[in-house]
Structure formats: structure tokens, C-alpha cells
């Protein structure tokens, strides 16, 4: 299993702290499960994208909760 670094993804979400509307829009888009539409049906690539989306959504939830 590859170790994954969450810091770069969280840094991206923290940049959205001053724009809650954009953060909520991105969260909505990620929630719509667009991974399937990206052509990543199986394998490590899909697992990585699903992991990344979960990290991004957690970061967005954290910053929008603070506002």
C-alpha cells in the first residue's frame, strides 16, 4: 500500500477559507460522485481519486464549519 500525504490536499482546501460559497460549490460537485464519469472504473487510480475526494471534502467541511 502506498502512503499518501494529505497535507497538499488540505492546503488547497484551506485556501478556500475566505470563499465559503466556492467551497460549498466544490463540495457539491465532489459529492455528485463524478469519479465514474472520469473514466476511472477500477484499480489503484480510482482508489486514489476516491481517497483524495474524501480528504478534500473533510477539509471543506472543516473550513465551512468554522464560518
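The values are calculated or read from the model by the stated rules, or taken from the named source; none is laboratory data. Note that the coordinates shown come from a computational prediction; the quantities given were computed from them, not determined experimentally. Glycine gets a Cβ as well: all are built from the backbone with ideal geometry, and neighbour counts include every protein chain shown.
Of the residues making up region 21-43, those that are modelled with pLDDT under 90 and surrounded by 14 or more Cβ atoms within 10 Å (Cβ to Cβ) are 30, 35, 40.
So, in region 7-20, exactly how many residues are assigned to a loop (DSSP other than H, G, I, E, B) and surrounded by 14 or more Cβ atoms within 10 Å (Cβ to Cβ)?
Within region 7-20, the first condition is being assigned to a loop (DSSP other than H, G, I, E, B), and the residues that meet it are 15-19.
Then drop every residue that is not surrounded by 14 or more Cβ atoms within 10 Å (Cβ to Cβ), which leaves 16-17.
Summing the residues that are assigned to a loop (DSSP other than H, G, I, E, B) and surrounded by 14 or more Cβ atoms within 10 Å (Cβ to Cβ) in region 7-20 gives 2.
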